[in-house]
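First the structure, in the form of structure tokens, and then the observations on it.
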Amino acid sequence: YANVYRPDRLFLPQQKLAEFAKTVPTPFYLYHEEGIRKSAQLICGSFRWAPEHLALFPISANSCPQVLRIFREAGFGALARSVQELALARSCGFSEIAFHTAAMTPEAVRAVKDAPCTVIFDSPAQIEAMEGRFPARCALRYHPEKEPGRSAAAVLRHKSGMDRAQILDAVRILSAAGVEEI
């Protein structure tokens, strides 16, 4: 990002920024659209070697619709962690959305049924909460806690996910329910 983002330099002269701040109530956010576009292109360009790769922009990183649209136009998908973020991603026109939440509430279950997205499951409890009503695409997070040969430090880095047996059970459940892609 050295050519795009310079934390030591404002994209507006200091005096112009101070004048602007006098006319607008605070707090306000001022974005450098050209810098955001260049950064998004740089990130996507880094993965040209893997055409099947899809960069996901986490809605929680910046929920400004104009910024989200810039990332969508650059080829990003969206990562939503709540029902509200999922709705925002849809309203900004993202065609590829991954939904990953800590708790699969009834509201979240309804939301993923209404919004085509890939649901990322961390636990058997999340799968059970769906009551057999799964989207066409699901992902499973793996946690190697019980795997032989894994160091304690490596295991502690993983905050969530399923062990090998849980993954295999999840694949059976999702396949039997007609999930098209896991």
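The values are calculated or read from the model by the stated rules, or taken from the named source; none is laboratory data. Treat the numbers as computed from the prediction; the structure is a model and nothing was measured. Don't worry about glycine lacking a Cβ; one is built from the backbone with ideal geometry, like all the others, and counts go over all protein chains shown. The area values use the complete protein model at the heavy-atom level, side chains included, leaving out ligands, DNA and RNA. Shrake-Rupley method; radii C 1.70, N 1.55, O 1.52, S 1.80 Å.
Tell me yes or no: at least one residue of the range 28-49 is over 22 Å from the mean Cα position of the chain (by Cα), loosely packed, with under 10 Cβ neighbours inside 10 Å, under 19 Å from Gln66 (Cα atoms) and modelled with pLDDT under 80. Taking every residue of the range 28-49 in turn, at least one turns out to be over 22 Å from the mean Cα position of the chain (by Cα), loosely packed, with under 10 Cβ neighbours inside 10 Å, under 19 Å from Gln66 (Cα atoms) and modelled with pLDDT under 80.
When the residues of the range 144-167 are filtered to those that are open to solvent by less than 90 Å² (accessible area, probe 1.4 Å) and of a type in the set (A, V, I, L, M), which remaining residue is modelled with the highest pLDDT? Reasoning before the result, please.
Going residue by residue through the range 144-167, those that are open to solvent by less than 90 Å² (accessible area, probe 1.4 Å) are 144, 147, 149, 151-155, 158, 160-163, 165-167.
Okay, now just the ones that are also of a type in the set (A, V, I, L, M), so 152-155, 162, 165, 167.
Working: Ala152: 52, Ala153: 54, Ala154: 55, Val155: 50, Met162: 92, Ala165: 92, Ile167: 95.
By that ranking, first place goes to Ile167.
Note on the range 54-69: residues that are assigned to a loop (DSSP other than H, G, I, E, B) and open to solvent by less than 20 Å² (accessible area, probe 1.4 Å) total 1.
Being open to solvent by 60 Å² or more (accessible area, probe 1.4 Å), at pLDDT 90 or above and under 23 Å from Ala115 (Cα atoms): is that true of Arg141 here?
Values: open to solvent by 60 Å² or more (accessible area, probe 1.4 Å): yes; at pLDDT 90 or above: yes; under 23 Å from Ala115 (Cα atoms): yes.
Taking the combined requirement at face value, the residue satisfies it.
Count of the range 75-100 residues, restricted to those that are open to solvent by less than 20 Å² (accessible area, probe 1.4 Å), under 14 Å from Thr118 (Cα atoms) and either in contact (Cβ under 8 Å) with a residue 24 or more places away in the chain or not aliphatic (A, V, I, L, M) (or both), is 8.
Reported count of residues in the range 104-121, each being touching a residue at least 24 places away in the same chain (Cβ under 8 Å), over 28 Å from Glu73 (Cβ atoms) and surrounded by fewer than 20 Cβ atoms within 10 Å (Cβ to Cβ), is 3.
Residues in the range 13-39 that are assigned to a helix (DSSP H, G or I) and over 17 Å from Asn62 (Cα atoms): how many? Before you say what the answer is, go through the steps one by one.
Let us first name the residues in the range 13-39 that are assigned to a helix (DSSP H, G or I), namely 14-23, 33-39.
Next, only the ones that are over 17 Å from Asn62 (Cα atoms) stay: 14-23.
The number of residues fulfilling the criteria is 10.
Set side by side, the residues Leu68, Leu79, Leu56, Leu88 differ, and just one is closer than 21 Å to Ile127 by Cα and modelled with pLDDT of 90 or more, which is Leu79.
When you check Arg72 against the structure, is it open to solvent by 60 Å² or more (accessible area, probe 1.4 Å), among the basic types (Lys, Arg), assigned to a helix (DSSP H, G or I) and free of Cβ contacts under 8 Å to residues at least 60 places away in the same chain, yes or no? Criteria met by Arg72.
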